[in-house]
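The values are calculated or read from the model by the stated rules, or taken from the named source; none is laboratory data. This structure is a prediction, so every number in the text was calculated from the model and none was measured. Counting neighbours? That spans all protein chains shown, and the Cβs are built from the backbone with ideal geometry, glycine included.
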Amino acid sequence: METHDGSVSKQHIYPSELLFIKTLINGITIRAMVDTGATISLIKLSTLTQMKYHHHISGKRGEITLGDGKTKLWQYGTVDLTVIISNIETKVKAVIVDDLAADFILG
């Protein structure tokens, strides 16, 4: 029986584009970034302030490290938000942080 060695196939890695969607969060339209690899959702403190959020903030304050193992952010606690995407409503617990690449990251 004869064998043929083929050429080694090359793996091509193409970085994906960031996915942004329009959401309604507690009645305010927000452009949110979807992070399918994230285990938590994050919201900027300034975005929460613009929303005039006056509900309970729970959890503890302190430094958190993001999934890359390097990026550190200050967290102010967590909030429960009502998020509507394409007329589908869901509840999301989000960590409040100082600085983000987006107003809201849906993880």
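What residue, among those in region 54-76 that are in contact (Cβ under 8 Å) with a residue 12 or more places away in the chain and among the polar types (S, T, N, Q), is nearest to G107 (Cα to Cα)?
Q75
Quick check, is A101 among the hydrophobic types (A, V, I, L, M, F, W, C), outside any strand (DSSP E or B) and loosely packed, with under 13 Cβ neighbours inside 10 Å?
yes
Quick one: how many residues across region 1-37 are under 15 Å from F104 (Cβ atoms) and modelled with pLDDT under 85?
1
Can you confirm whether K93 is among the basic types (K, R) and either part of a loop (DSSP other than H, G, I, E, B) or in contact with a Gly (Cβ under 7 Å, 6 or more places away or on another chain) (or both)?
Here the answer is no, as K93 does not meet what is asked.
Considering only residues that are within 14 Å of V95 (Cβ to Cβ) and of a type in the set (S, T, Y), look in region 38-56 and name the one that is modelled with the lowest pLDDT.
The residue in question is Y53.
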